[in-house]
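Below: one structure, written as structure tokens.
Here, each number is a calculation from the coordinates, and none is a lab measurement. The structure displayed is predicted, hence computed values, not measured ones. With ideal geometry, Cβ positions are generated from the backbone for all residues, glycine too; neighbour counts draw on all protein chains shown.
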Amino acid sequence: MTTTALLAAALFAADPVVLALRPSAEIEGALVRVGDIAAVVSAPEGVASHIEAVVVVLARESAAPLTVERSTVERRLAEHGVPDVTLSGADVVIVKRAAPRPPVRTRDERVPPVRTRDERVPPVRTRDERVPRSPADPDSGGPAKASKPAPAPAAVRDDGDLRVIFRGRFVEISERGRPLRAGAPGDIIPVRLEGGRTIQARIERPGVAVPVAASSAKEAP
């Protein structure tokens, strides 16, 4: 036996180590130490912290509880130079991982930022911004001119296609043609049919017209 071992044996003989195993314990890291699962009842002066820091076993990553037997604690202490340990309490310690703690918020995160006076008070609007100007207001540059309504789009354009419908008593025939000028519904315009003949037709609706008699065409504006 070495001199160090003799001194350790004499030290522990004078003040033996007594530990009380807890029935269960919670850990936060991956190491299960003696201090996590047992309370030091007695130990030589200055040795208690060394005993509590001894690693007994590595905790698994899974959430399942871990069991630590009394014999495992005795063996690990003996390997670290702590012989003849008296263990009391539970025979098996159930070790669980502690739930993760919420992050600690700093004071700057807890207290909302203080708004300055310019941010709290809305800007003051001037009279010109509050009251809309009248058309007769001399500051507005004179009476406002009424805007002219936009002209309605033509139902038939002179560059588009047109379907001319010839209606009889029991039959209806349509033929494609090209309008020779634009017009709106009700207008009579000249239309050149696909066969080359030009007729007068009244626009019924966009893209559709019906032929008119020669007398009606003369009356049209």
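Among residues other than VAL85 whose Cβ falls under 11 Å from its Cβ, what is the net charge (Lys/Arg +1, Asp/Glu -1)?
With Lys, Arg at +1 and Asp, Glu at -1, the net is +1.
Amide H to amide H, which residues 5 or more places from ALA38 or on other chains are under 5 Å from it, using H placed in the peptide plane?
HN-HN under 5 Å from ALA38: ARG22.
If contacts are Cα pairs under 8 angstrom and at least 6 residues apart, what is the relative contact order of segment 162-219 in percent? All intermediate terms of the calculation are to be shown ahead of the outcome.
Working: 113 pairs, mean separation 17.3, N = 58.
Value for segment 162-219: 30 percent.
Considering amide H positions built from the backbone, and no H for Pro or chain starts, which residues 5 or more places from ALA154, or on another chain, come under 5 Å of its amide H?
Sorted by chain and number, the residues that satisfy this come to none at all.
Report the local net charge at ASP36: Lys and Arg +1, Asp and Glu -1, summed over other residues whose C-beta lies under 12 Å from its C-beta. It would help to have the intermediate numbers written out before the result.
Values: positive: ARG22, ARG33, LYS96, ARG97; negative: GLU26, GLU28, GLU52.
Summing Lys/Arg as +1 and Asp/Glu as -1 gives +1.
How far apart, in nanometres, would the label points at VAL114 and ARG178 be if each is projected 7 angstrom from Cα along the Cα-to-Cβ direction?
Modelled inter-label distance: 8.1 nm.
Pulled fully out, how much extra length does the chain show between VAL208 and SER88, if you take 0.36 nm times their separation in residues and subtract their Cα-Cα distance? Spell out each step's value before the answer.
Values: separation 120, 0.36 × 120 = 43.20 nm, distance 10.52 nm.
Length gained, VAL208 through SER88: 32.7 nm.
Say R0 is 25 Å: what FRET efficiency, to the nearest 0.05, do SER42 and SER71 get from their beta-carbon distance? Before the final figure, lay out each step's value.
On the way: r = 21 Å, r/R0 = 0.84.
With a Förster radius of 25 Å, E is 0.75.
Give me the distance in nm between label points sitting 7 Å out from Cα along the Cα-to-Cβ direction at ALA30 and GLU194, one decimal.
For ALA30 paired with GLU194, the spin-label model returns 8.3 nm.
Could you state, as a whole-number percent, how many of the C-alpha pairs of segment 162-219 are farther apart than 16 Å?
Details: 592 of 1653 pairs.
Value for segment 162-219: 36 percent of Cα pairs lie more than 16 Å apart.
Around ARG176, under 11 Å between beta carbons, what's the net of Lys plus Arg minus Asp minus Glu among the other residues? Mind showing how you got there, number by number?
Working: positive: ARG163, ARG178, ARG192; negative: ASP161, GLU175, GLU194.
Cβ neighbours under 11 Å give a net charge of 0.
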